[in-house]
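Asks: Sharing a structure here in structure tokens format.
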Amino acid sequence: MEILNSNSLQKSLGETCVVCDEEKELGIHLYTSFICRDCEKEMTNTPTSDPKYQYYLEKLRRVKNSPLYS
């Protein structure tokens, strides 16, 4: 019998994307935030003239810089 701690449970379920708010397994980390692969591809392929571009900018404002500890 395997005992799961919170870290292993989070890895098996994935992480919540800051753009689509869905739990996904594949993606990138920007500071302490997670962006799923689908949203990453969609954002990088969206022209700045598209109304969706503004939507993505608003979502990315939720990404916060992680503090630097020395």
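The values are calculated or read from the model by the stated rules, or taken from the named source; none is laboratory data. None of the values given here were measured: they were computed from a predicted structure. Glycine gets a Cβ as well: all are built from the backbone with ideal geometry, and neighbour counts include every protein chain shown. Heads up: the accessible areas ignore ligands, DNA and RNA and are worked out on the full protein's heavy atoms, side chains in. Shrake-Rupley method; radii C 1.70, N 1.55, O 1.52, S 1.80 Å.
Asks: From the protein chains alone at 1.4 Å, what is the descending order of accessible area for Asp21, Asp50, largest first? Show your work: numbers first, answer last.
Replies: On the way: Asp21 80, Asp50 55 Å².
Descending order: Asp21, Asp50.
Asks: Using protein chains only and a probe of 1.4 angstrom, how many square angstrom of Arg62 are accessible, to the nearest 10?
Replies: 100
Asks: Please list the non-local residues whose amide H lies under 5 Å from the amide H of Thr46, H modeled 1.01 Å from N, same-chain partners needing a gap of 5 or more.
Replies: Result for Thr46 returns nothing.
Asks: If each of Leu60 and Glu25 carries a label point 7 Å out from its Cα toward its Cβ, how far apart are those two points in nm?
Replies: Simple spin-label model gives 2.8 nm for this pair.
Asks: Ignoring ligands and nucleic acids, what accessible area does Lys41 show with a 1.4 Å probe (Å², nearest 10)?
Replies: Looks like 120 Å² after rounding.
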